[in-house]
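Novice: Just passing along the structure, written as structure tokens.
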Amino acid sequence: MLINKILLECHNNIYSEHLSEDRTMERIKTCAWWPSWRKDIIEYCNSCDRFQKANKATGRRFGLMIHIQEPSTQQEVVHMDWVTALPPGGDKSYNAFLVIIEGYSKTPIFLSFNKDDTSMDKALLI
């Protein structure tokens, strides 16, 4: 069928990388039209396994972003995050570090740890 050839060429083309429904529609409307073209494109894209894996969001949806008020003095707000599962490095084979950022000055502090350190070891270093 001609419609299947058009869909195949516009959606699965080696250069198009399995376009989204909207981009496939944009591409097709420049060269073809038929009565149920929108419905057919949506059905074709939804039946494309590669498109479903590559273009649909998986997992939990993120919440709305909120504005974080800027601190007015130093050490009013402190941000911390762990970076782990790193290749060992340094004299003591550190493989994790804690990033601390002071919110007012945006000054970063990096503390090296071994991920097997006890919480007491980590507390003493902080």
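The values are calculated or read from the model by the stated rules, or taken from the named source; none is laboratory data. These numbers were taken from a predicted model, which means no experiment stands behind them. Cβ placement follows ideal geometry from the backbone for every residue including glycine, while neighbour counts extend to all protein chains displayed.
Novice: Considering 62, 110, 51, 97, which residue is of a type outside the set (Val, Ile, Thr) and touching a residue at least 40 places away in the same chain (Cβ under 8 Å)?
Specialist: Answer to the check: 51.
Novice: Another one. Return the pair list, or none, for Cβ contacts closer than 7 Å from residues in segment 21-33 that are of a type in the set (Val, Ile, Thr) to residues that are part of a helix (DSSP H, G or I) and buried (at least 17 other Cβ atoms within 10 Å of the Cβ), at least 6 apart or on different chains.
Specialist: 24/10; 24/11; 24/41; 24/45; 28/6; 28/10; 28/41
Novice: Taking residue 84 as the residue in question, decide whether it is within 21 Å of the chain's Cα centre (by Cα), more than 30 Å from residue 13 (Cβ to Cβ) and not aromatic (Phe, Trp, Tyr). Outline the logic, then answer.
Specialist: Values: within 21 Å of the chain's Cα centre (by Cα): yes; more than 30 Å from residue 13 (Cβ to Cβ): yes; not aromatic (Phe, Trp, Tyr): yes.
Criteria met by residue 84.
Novice: Which of the residues belonging to segment 42-60 are of a type outside the set (Val, Ile, Thr) and at pLDDT below 75?
Specialist: 51, 52, 53, 54, 55, 56, 57, 59, 60
Novice: Hey, another quick one. For segment 105-126, enumerate the residues that are closer than 13 Å to residue 93 by Cα and either of a type in the set (A, V, I, L, M, F, W, C) or over 28 Å from the mean Cα position of the chain (by Cα) (or both). If you could, list the steps in order and put the result at the bottom.
Specialist: Going residue by residue through segment 105-126, those that are closer than 13 Å to residue 93 by Cα are 112-117.
Those that are closer than 13 Å to residue 93 by Cα and either of a type in the set (A, V, I, L, M, F, W, C) or over 28 Å from the mean Cα position of the chain (by Cα) (or both): 113, 116, 117.
Novice: Among the residues of segment 89-104, which ones are under 24 Å from the mean Cα position of the chain (by Cα) and within 21 Å of residue 76 (Cβ to Cβ)?
Specialist: 98, 99, 100, 101
Novice: Something else about it: Taking segment 73-99, which residues are out of contact with any Leu (no Cβ under 9 Å at 6 or more places or on another chain), of a type in the set (A, V, I, L, M) and under 17 Å from residue 126 (Cα atoms)?
Specialist: 77, 78
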